[in-house]
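First the structure, in the form of structure tokens, and then the observations on it.
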Amino acid sequence: MRSTRSRWSSYGWYWQRISGLLLVVFTIGHYVTVHWTEAAGHSFESSIERLANPLFQFWYLGFVLLGFYHGVQGLYNIVRDFKLPRVLLVGIMGIVIIAALYFVYLGFDTVLTVHEWKHLP
Amino acid sequence: MRGIRVLESVCRISLRRVGTAGDTIMAYLQQRSPIKTWWENVRRYRWHAGLVAWVLHRITGLALLGYLFVHIWALRTLVKGSAAFEAEMQLFTTPFFKVAEWLLFAVVLFHALNGIRIALVDFSTQGAYRQRLLLHLVYGIGVAMMLLMGVLIFLDPFAV
């Protein structure tokens, strides 16, 4: 069992770096498109214009998924460094994973239902 | 006579119980405080630049995971329509939130640049031998981009 566990944690180590590097690219794109000017990031029109674009939808869904993967994996790396009782480790990670899944759903729902709410006053 | 003997044994048992409880409490009070142990370890560490970067990477990482939740929650207002969203965004153009946005950029920037440094140290052949240069680049590029973002946020030069 021990060898299996260390094999898996080495995958986590590798993908943490790969997803991190991808997130740097995503974040630069996010800052350039959304935060170049104040109006770009803070107006309803510019937001729906972006979110209605399939390319941007794809971009944001990937960003949310990758962000939560990297974040939850990073939290696990931190929590695992403390010698916590197993109940506490499973409890903390369980709560965070369930919350992350709900917020992935929330983000996907906001992006994918843009045609329903873009005409609201 | 019998009554006194019973009373005597009850007292002896109670006294022993009080004694045991006292021992437990004293043992609890005499054990080292975990916070004190932690603080002594922290003081004993050699706080070299790599350790500082490691600690900052973890703290900023936790902050960013928290912010990801807040960000998705805040943008959920889009679903309520134009008026609600514009009202919320008005809040974010106040000076307090502009400074907060700038500090958030510092957190993102450090985590990104230090992450690139980690990847270079781990994956490139030269990274592990150029640690000092890489750390200088992280903080140098970080401060420069922080100033640039300050101009973009507070002066908004590209506004149309």
Could you say which residue among A:R2, A:R50 is open to solvent by less than 50 Å² (accessible area, probe 1.4 Å), more than 10 Å from chain B (Cβ to nearest Cβ) and modelled with pLDDT under 90? A:R50
Could you tell me whether any residue of the range B:139-151 is in contact with a His (Cβ under 8 Å, 6 or more places away or on another chain), of a type in the set (A, V, I, L, M, F, W, C), under 30 Å from A:W15 (Cβ atoms) and open to solvent by less than 50 Å² (accessible area, probe 1.4 Å)? no
Selection from the range A:22-47 of residues that are facing another protein chain (nearest Cβ under 7 Å), surrounded by fewer than 16 Cβ atoms within 10 Å (Cβ to Cβ) and of a type in the set (A, V, I, L, M): A:A39
How many of the residues in the range A:67-89 are of a type outside the set (S, T, Y) and surrounded by 12 or more Cβ atoms within 10 Å (Cβ to Cβ)? 14
Of the residues in the range B:119-135, how many are open to solvent by 40 Å² or more (accessible area, probe 1.4 Å) and within 16 Å of A:S19 (Cα to Cα)? 3
Which pairs do you get when a residue that is free of Cβ contacts under 8 Å to residues at least 12 places away in the same chain, found in the range A:43-65, comes within reach of a residue that is of a type in the set (D, E, K, R) and surrounded by fewer than 16 Cβ atoms within 10 Å (Cβ to Cβ), reach meaning Cβ atoms under 6 angstrom, with the pair 6+ apart or on two chains? A:F44/B:E86
So A:L55 clears everything in (1) over 16 Å from the mean Cα position of the chain (by Cα); (2) in a helix (DSSP H, G or I); (3) within 11 Å of another protein chain (Cβ to nearest Cβ) except one condition, right? Which one? (3)
Given the options B:V121, B:V108, B:V138, name the one that is in contact (Cβ under 8 Å) with a residue 12 or more places away in the chain and under 25 Å from A:A39 (Cα atoms). B:V108
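The values are calculated or read from the model by the stated rules, or taken from the named source; none is laboratory data. Keep in mind the model is a prediction, meaning the values are calculated, not measured. Because the Cβ atoms are built from the backbone with ideal geometry, glycine has one as well, and the counts that use them run over all protein chains shown. Ligands, DNA and RNA are excluded from the accessible area calculation, which covers all protein heavy atoms including side chains. Shrake-Rupley method; radii C 1.70, N 1.55, O 1.52, S 1.80 Å.
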